[in-house]
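Single-structure report; data block below.
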Amino acid sequence: MSIIETTPESTAAGPVARIYADDLQALGYVPSHTRAMAVNPEALAAWRALQAAIAGSLGVRRYELVTLAAARGLGSTACLLAHGKKALNFMTEDELIRVAHDYRTAGLPREEVAMMDFAVKLSTSSATMDDGDSQSLRDAGFSDREIVDIALAAAARNYFSRALQALAVDVDVPPGLGRELQDALLAPLRGSADHPAGAPAPAPVPDD
């Protein structure tokens, strides 16, 4: 649990109240990561604008798949669960379970596998990357703009996920995210520092 003192919904005002209202409208609740990052509402607003700029260019499906791959590489429980829920907007639960277990054998197009491989490597060993990694995206058919967008999407997830990890922000389970899908999303993290073996599951978010 983070030591950061956050603003309750009942006393939120100004930009914090607007940020909370946006999440209530979009998600039905205000996630723990929003409460923590809204301590600096200007920075959170800038982060959301950056997300929108990248996803608007790359496309939401590709943005979310890159985000899931980066979160997997980072060992981010919070971002895997949050973006797993968002991924249900463009694939079925069964498809997402297969992607969560092993995106390379889940039947995704080769270009999506290539971009997810790129995101995992960026999130685990970016200092070793060279032109060969960008060339792998070029060989998969991506344009210069798309290659830059993929790098931006993965790097942006590193920024946000690492901030949440550094501040020990509570992990929410989004409403409607079934147990089988939760387990599939978190399976690659078993035994990691972010989700140690035997650790209790994150608490579900109430539906009210």
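What is the number of the single condition among (1) out of contact with any helix residue (DSSP H, G or I) (no Cβ under 7 Å at 6 or more places or on another chain); (2) under 23 Å from ALA155 (Cα atoms) that ALA100 does not meet?
(1)
For region 42-71, give me each residue that is buried (at least 19 other Cβ atoms within 10 Å of the Cβ) and farther than 25 Å from VAL99 by Cβ.
Within region 42-71, just LEU44 meets the criteria.
Looking at SER125, SER161, which one is exposed (fewer than 15 other Cβ atoms within 10 Å of the Cβ) and either in a helix (DSSP H, G or I) or modelled with pLDDT under 95 (or both)?
Unique residue meeting the criteria: SER125.
Which is open to solvent by less than 50 Å² (accessible area, probe 1.4 Å) and touching an Asp or Glu at 6+ places or on another chain (Cβ under 7 Å), of ALA140, ALA154?
The conditions single out ALA140.
Given the condition surrounded by 14 or more Cβ atoms within 10 Å (Cβ to Cβ) and among the hydroxyl-bearing types (Ser, Thr, Tyr), answer yes or no: does some residue in region 83-94 qualify?
no
List the pairs whose first member sits in region 1-16 and is within 20 Å of ALA46 (Cβ to Cβ) and touching a residue at least 24 places away in the same chain (Cβ under 8 Å), whose second member is open to solvent by 60 Å² or more (accessible area, probe 1.4 Å) and part of a loop (DSSP other than H, G, I, E, B), and whose Cβ atoms are under 8 Å apart, counting only residues at least 6 apart or on separate chains?
From residues that are within 20 Å of ALA46 (Cβ to Cβ) and touching a residue at least 24 places away in the same chain (Cβ under 8 Å), the pairs are ILE4/VAL39; ILE4/LEU167; THR6/VAL39; THR7/VAL39.
The values are calculated or read from the model by the stated rules, or taken from the named source; none is laboratory data. Model, not experiment: these values are computed from the prediction. Reconstructed Cβ throughout: ideal geometry from the backbone, glycine too, with neighbour counts over all protein chains shown. Quick note on the areas: whole protein, heavy atoms, side chains included, nothing else; ligands and nucleic acids left out. Shrake-Rupley method; radii C 1.70, N 1.55, O 1.52, S 1.80 Å.
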